[in-house]
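I have placed the structure first, in the form of structure tokens, so that the comments after it can refer back to it.
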Amino acid sequence: MALCVTAATSFHRDYGGITALHHFIEVIFAGDRPVISSGCCVRMAIMHAAKVFVSYSHDSREHERRVRALADRLRAVGVDARMDKYESAPAEGWPMWMERQISNADFVLLICTETYRRRVEGREEQYKGRGVLWEAKTIYNLLYQGDRNALKVVPILLAGGQPSWIPLSLQGLAHYCVDELEGYEELCRRLTNQPRPIPRLGRRKPAPTVASQSNPVSAAIKRSPEIDDNDNGDGACFAASIERHMATLDRKVKKLTEEQLRVINQLRFLTRVRVSGIAGSGKTLVAAEKAIRLASAGLRTLFLCHNPMLARHVSALTQGAGVVVASFTDWAAALAGTASVDTSGWSKYEEPTPETLASAFDFVFTSADRYAAVIVDEGQDFREEW
């Protein structure tokens, strides 16, 4: 996982270690095996992996690429997605293979386009799109057998997709726009049987008691005590180290805001995210909290930033969590084996030299020393070549 915080904050999670730090925003990780991450991914490792069959029409090469990317993305988070692109020539032939995949799947994703609907509804030219038509007949037969089978059929819309592209008889089913952050998260929650937690039920508040209308000036309203703010197990509390450090600054930081908690939760399903926010909106706190959660899940975590003073602040926030925190300049110098820049009078212009960067990158490319998670704060201050 990698998290990059600019005046925005970006998070990445992927497979192996750092392979190209100078392409930090674009490509950070590559590897041969997936790394189990925090949150839902840890739980998925010990749960039944949902079997998913992806039904789609071959509209164009670009469309096929996008469908393949979705299947790859789902497999990366523990969903056993299957599609024809993963097969070369099934021994039983394509019709029987398609029927078997649909019958054995826990879910069938229908990638709905205008072409897909036209072929499913039998309005395509003769001998064209027969694969989709065959799949549709199998799916409709399952639906005809009982309402329970409707739960396994999931219409999907890619970017630019319209609900009207969903076949008419399936438009009553829940569909997901997976190129949107929230839509993809909701799909993952459904496929992995992880519905959103229901907020706890609070204590009933007595209705306000108003004094006699004969003396409206002295009317008094009695209110019940505030509901306890203690954590209820929903994961909304900051780590203890962050609470302790903020207490030394006379700042009470107990729970993430609703938006911060939403960002933390959405990261569990995603391999690459960029989250933007204005200065002071709490991006660094969210990044530090995510780093602590990743480290607590057993992932070797690196936190980099541009400003060494911010690095010292984050070190205090994550103290005892096992997170490696450094400014980019100090980190590059350590990899290159050169003296660190004196940061006692730090300014943003004191950055690693080209020679230091070259030596550091050489070390990254050749070393077996890897991080499963990388977080970058102040990404807007990082140079493109970094």
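All of the numbers you see were taken from the coordinates with simple rules; none came from a lab. Not measured: the values here are computed from a predicted model. All Cβ positions, glycine included, derive from the backbone under ideal geometry; neighbour counts span all protein chains shown.
General remarks:
- Considering every alpha-carbon pair of the range 99-180, the percent of pairs per 10 Å bin, from zero through the bin containing the longest distance, is 18, 51, 29, 2.
- Across the range 48-191, the fraction of Cα-Cα pairs farther apart than 20 Å, rounded to a whole number, is 43%.
- Value of relative contact order over the range 48-191, rounded to a whole percent, pairs C-alpha under 8 Å and six or more apart: 25 percent
- Working ranking of peptides 361-368, 302-309, 131-138 by packing, defined as the average number of other Cβ atoms within 10 Å per residue, highest first, is 302-309, 131-138, 361-368.
- Difference of contour (0.36 nm per residue) and Cα-Cα distance, Asp80 to Asp381: 104.4 nm
- Selection among Gly161, Ala150, Ala136 by position relative to the dipole of the range 48-191 gives Ala136 as farthest towards the positive end (Cβ unit charges, Cα centre).
- J(HN,Hα) series, the range 157-173, from Karplus relation 6.51 cos²θ - 1.76 cosθ + 1.60, nearest Hz, glycine and proline x: 10, 8, 4, x, x, 10, x, 5, 7, 6, x, 3, 6, 10, 5, x, 8
- Computed E for Met96/Arg123 - FRET, C-beta separation, R0 22 angstrom, nearest 0.05: 0.30
- Distance in nm between pseudo-label sites at Arg61 and Ile198 (7 Å out along the Cβ direction from Cα): 5.1 nm
- Summary of packing: across the peptides 323-334, 61-72, the per-residue average of other C-beta atoms within 10 Å ranks them, highest first, as 323-334, 61-72.
- Going by neighbour counts of Cβ atoms within 10 Å, the residues Lys290, Lys51 line up, fewest first, as Lys51, Lys290.
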